[in-house]
Structures are given as C-alpha cells and as structure tokens.
Amino acid sequence: MTKKIEPGVLLTGGAGYIGSHTFVALVEAGYQPVILDDFSNSHPVVLQRLQQLTDRDVLCERGNVLDTSFVAGVLRRHRCVAAIHFAGFKAVGESVQRPLMYYSNNVGGLLSLLQAMETTDCRTVVFSSSATVYGDPATVPITEQFPCAPESPYAHTKLMCENILASLRTSDPSWRVGVLRYFNPVGAHPSGLIGEDPSGIPNNLMPYVTQVAVGKRSSLNVFGNDYPTPDGTGVRDYLHVTDLAAGHVAAVDALLANAQSFTVNLGTGEGTSVLGVVRAFERASGRTIPFEFGPRRAGDVAQYFADVSLADSLLGWRATCNIDDMCRDSWHWQQRNPDGYRNSSGISLNQQSGDLAQPKPNDPLLSPIGI
Ligand code: NAD
Ligand code: UDP
C-alpha cells in the first residue's frame with residue numbers, strides 16, 4: 001500500500017501556545033505541519049513534547065519570519081501548500097510601551113511571509129487575528145460585521161494585517177485567505193504535555209489563576225467589580241485551545257477545498273465573568289482561590305463574547321468544551337509543569353536537539369531542527 005502524502009502546512013510561531021496545539025490537531029487531521037519559530041517567546045522543550053504526543057518526527061526550523069528568503073526556503077523544502085501565521089508579539093500593555101517593536105514584528109512579519117509565499121507559489125494563508133480589533137463593542141454578541149475600532153498598538157497591528165490580506169486578495173484572487181478572530185484562548189492539551197507558558201507575571205486571567213492555585217502567587221487581583229455585568233466583574237468569551245486548534249484545521253480544510261476567503265470569529269458564544277472563572281477553577285482544582293477586588297485595568301472593556309454562527313455555517317466548526325473543561329485542563333497542565341517548560345525533564349537544549357534533529361537520509365522533506 002502506498003503511503004498517503006500529507007500536505008505540508010507551515011506554522012510560523014508554531015512552537016508557541018496556540019501553534020503547538022494546532023500542530024497536534026493538524027497531525028491528527030492528516031497534515032504534515034512544519035514549525036518555523038525563533039523561540040523568542042517559546043521553549044524548545046515543546047518540540048520534544050510534540051514528538052511524544054504525535055509519535056512522529058517534529059519538523060522545525062529555527063529562524064525569524066522577517067527573513068524572507070529563509071521563509072521561502074522553508075516553504076520550498078517542505079513543499080507547503082498553506083501557511084498559518086501565528087508568529088508575533090501579543091502583550092497589549094507591552095505594545096503601548098514598545099509600539100515600533102510590535103509594528104515591526106507583527107506587520108513586518110506578515111509582509112515577509114506573504115512575499116515568501118508569493119515567490120514560492122503558495123497562496124493559501126490563515127491569519128491569527130484577535131477579537132481585540134473590535135475595541136469596545138456597542139452590544140454583544142459580536143458579529144464579524146461589527147465595526148473595527150482597535151485601541152492598542154497590538155490591536156492596530158492585527159487590523160493592519162487584516163487590511164494587507166484584503167488588499168492582496170483584491171489584487172490577486174488566487175490568494176485564499178482565512179482570517180480568524182480569536183476570543184480568549186485558555187486551557188491546555190488534556191495530556192498535560194503542552195500548555196501556556198507565560199514568562200514573568202502573567203497578564204492574562206487564566207494563567208494568573210493557575211499560579212495562585214499552585215501557590216506561586218498569593219491572591220488574584222480582580223480588576224474592577226463595578227462593571228455593568230451580572231456580578232460586576234469583566235465578562236469574556238473563553239475558548240479551549242484545543243477547540244481553537246480544531247478551528248485552524250477547519251479553516252485550512254475549507255480554504256483548500258473551495259477558494260473562498262473568509263473572516264470569522266472563533267469563540268464559544270458564551271460569556272463568563274472573572275468570578276465565574278474563579279469559581280470554575282475552584283471546582284476543577286478543589287482549591288480555594290484567594291482574590292481581592294482592585295481598580296479597573298486601563299483599557300479593559302466590560303464584556304465581550306462572540307456570535308459564532310458564521311464559523312459554524314462556513315467552516316462547520318463549533319466549540320465543544322465548556323469553562324469547566326478549560327479549568328480542568330489548565331490545572332492539569334499547571335500541576336504537571338509548575339515551571340512551564342523550564343526545568344522540565346532536565347533536558348538540555350543540546351541533548352534535545354540531538355534527540356529530534358536526526359534527518360532521515362535521502363528524505364528531502366526532513367530537515368534538521370535548528371535549535
Ligand atoms: P505565543 O507567544 O505563545 O506564540 C507566538 C510564537 O511566535 C512564539 O513561539 C514566538 O517565539 C514566535 N515568534 C514571535 N516572533 C517571531 C518571529 N519574528 N519569527 C519567528 N517566530 C516568532 O503566542 P500565542 O498565544 O500562541 O499566539 C499566537 C498568535 O495568536 C499571535 O499572533 C497572537 O497575537 C494571536 N492571538 C493570541 C491570543 C491569545 O490570547 N493567546 C488571542 C488572540 C490572538
Ligand atoms: N483580569 C483580572 N485579573 C487579572 C487578569 C485579568 O481581573 O490578573 C480580568 C480582566 O480585567 C478581564 C478578564 O480578567 O476582565 C480577562 O482578562 P485577560 O487579560 O485574560 O483577557 P482580555 O482582557 O485581554 O480579554
């Protein structure tokens with residue numbers, strides 16, 4: 001029996017939180033994902049975990065997406081039929097402090113990728129956008145037709161990237177573009193092998209709560225309890241990262257099957273308040289999460305959650321996990337990896353690259369992991 005050829009899909013930023021979960025989902029769906037990452041916000045131990053989870057060689061090339069000829073080489077070497085662009089910086093507060101760094105990496109990174117794709121004749125791309133492009137919505141749920149009103153430099157980079165992709169599509173209809181506007185990705189793979197690994201003090205709620213639960217931080221500061229929401233705390237649409245990963249597979253499938261481009265929200269369609277997350281986490285972990293109310297965080301909106309009907313009708317995708325599943329898997333990940341990927345298994349980078357970087361002789365699709 002001849003082996004079915006697995007279409008190659010480039011994952012820029014594939015060693016990161018969402019990219020690594022998407023790697024697993026793509027393998028399960030019969031694709032051959034190829035990671036391109038500079039490890040500026042990820043740890044190479046994730047590659048070993050991916051190997052464990054998928055029981056296969058993990059194709060990864062270390063490098064910067066801003067290096068267009070390097071990206072073109074990766075696309076060619078692995079005969080990629082599509083790319084998913086995760087690479088970028090994502091901290092809203094940092095983007096206010098260091099806007100040039102954000103515009104350069106996020107907008108420059110996309111331009112570089114698209115140029116590399118054009119020269120290699122690979123014109124199917126999925127882009128990681130964010131619900132933050134909507135700014136403070138007038139009402140909820142948010143549909144894709146809502147006006148975009150980005151408030152931070154980070155949100156502006158996402159909207160600029162969406163606009164670049166729209167111009168490209170107009171100029172050349174052979175481009176197939178899927179823009180995915182994520183709501184709040186949380187959780188981890190149920191195995192506890194991969195998950196979110198923020199460096200320093202977490203900015204986001206779920207990793208902060210998990211660190212309180214594990215005793216790394218003493219209590220959660222709830223940013224505001226005077227919002228016009230049922231319990232006064234901010235409401236968000238939390239989405240399990242494995243559902244989000246499945247959304248990427250659905251997007252690639254749809255783009256390859258029919259040449260229609262799209263922009264869709266990926267969320268559950270349900271809002272959960274900060275106190276709702278705290279209670280769900282207490283149920284999942286059996287621990288009490290101490291918290292205190294503090295002032296609102298600058299730039300926060302009271303509530304947002306997605307209208308997810310377009311993702312359902314266009315991609316046949318809908319979320320399957322609820323907030324209890326998300327908390328259970330975040331807790332499992334945190335317990336198995338109290339320091340994230342750092343200090344895990346005592347693996348040094350050299351040993352690890354030795355484990356994973358064995359290209360099979362005469363196999364043109366395998367290249368060494370450059371870590
Ligand atoms: P992440 O930081 O975990 O992953 C991003 C990866 O990109 C990292 O591994 C980093 O090393 C890599 N990277 C950054 N710049 C690079 C460059 N120039 N060249 C090569 N690699 C580079 O982030 P994530 O949470 O997985 O997010 C992935 C994407 O999804 C980002 O574009 C982010 O803006 C977007 N997004 C994330 C969220 C969220 O809450 N996590 C929400 C909406 C959108
Ligand atoms: N939040 C909080 N304490 C924290 C971190 C976040 O109360 O330490 C609140 C925040 O005000 C918002 C919600 O939790 O209402 C989700 O915040 P996160 O930063 O995770 O997502 P975003 O605000 O970017 O949607």
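The values are calculated or read from the model by the stated rules, or taken from the named source; none is laboratory data. Remember, it's a predicted structure, so these values are computed and weren't measured experimentally. Please note that ligands, DNA and RNA were not included when accessible areas were found on the heavy atoms of the full protein model with its side chains. Shrake-Rupley method; radii C 1.70, N 1.55, O 1.52, S 1.80 Å.
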Can you give me the accessible area per residue for region 151-287, using a 1.4 Å probe, in Å²? 36
Projected area of region 1-67, taken from the Cα convex hull and averaged over every viewing direction, in nm²? 4.7
Gaussian network model of the chain, springs between alpha carbon atoms under 10 Å - residue of I142, I201, I164 with greatest fluctuation: I201
Counting pairwise Cα distances across region 1-122, what percent come out greater than 25 angstrom? 23
Tell me the relative contact order for region 1-53 as a rounded percent, counting alpha carbon contacts under 8 Å between residues six or more apart. 41
Counting only residues 5 or more places away or on other chains, whose amide H sits under 5 Å from the amide H of F291 once H atoms are built in the peptide plane? L220
Explain nothing, just compute: Karplus ³J(HN,Hα) = 6.51 cos²θ - 1.76 cosθ + 1.60, θ = phi - 60°, for every residue of region 254-268 in order, whole Hz, x for Gly and Pro. 5, 5, 6, 7, 9, 6, 7, 7, 7, 10, 9, 7, 10, x, 9
Extension gain, D226 back to Q145 (0.36 nm per residue minus Cα-Cα distance, nm): 26.3 nm
For helix 68-77, report the angle its Cα long axis makes with the longest principal axis of the Cα atoms of the chain; keep it between 0 and 90° and round to the nearest 10°. 70
For region 85-97, in residue order, the Karplus 3J(HN,Hα) values (coefficients 6.51, -1.76, 1.60; θ = phi - 60°; whole Hz; Gly and Pro = x) are 9, 8, 4, x, 9, 9, 8, 4, x, 5, 5, 6, 6
Listed residues H85, H43, H332, most fluctuating in the chain (Gaussian network, C-alpha, under 10 Å): H43
Amide hydrogen neighbours beyond the local backbone of V179, cut-off 5 Å, H modeled: F127, F262, T263, V264
Stick to the Cα atoms of region 243-286, pair each with every other, and give me the Kirkwood hydrodynamic radius in Å at one decimal. 13.2
With the full set of protein chains in place, find how many percent of the accessible area of the chain is carbon and sulfur; take the probe as 1.4 Å. 50
If you plug each phi of region 36-50 into the Karplus form 6.51 cos²θ - 1.76 cosθ + 1.60 with θ = phi - 60°, what whole-Hz ³J(HN,Hα) values come out, in order, with x for Gly and Pro? 10, 8, 9, 6, 5, 9, 7, 10, x, 4, 4, 5, 5, 5, 5
Computed over the Cα atoms of region 111-195, what is the ratio Rg over Rh, Rh following Kirkwood? 1.05
Once a ≥ b ≥ c are taken as the square roots of the eigenvalues of the Cα gyration tensor of region 224-264, is the result rounded (a/c under 1.5), prolate (a/b larger than b/c) or oblate (a/b not larger than b/c)? prolate
With springs only between Cα atoms under 10 Å apart, run a GNM on the chain and tell me which of A246, A257, A83 wobbles the most. A257
Quick one: give the max-minus-min coordinate of the C-alpha atoms of region 123-270 along each principal axis, largest first, in Å. 54, 39, 26
What per residue convex hull volume, in Å³, do the alpha-carbon atoms of the chain yield? 138
Rounded to the nearest 10, the angle in degrees between the Cα long axis of helix 274-285 and the longest principal axis of the Cα atoms of the chain comes to 70
What number, in percent, do you get for the relative contact order of the chain if the mean sequence gap of Cα pairs under 8 Å and at least 6 apart is divided by its residue count? 20
Alpha-carbon gyration tensor eigenvalues x 5, square-rooted, for region 212-352, Å: 30, 25, 13
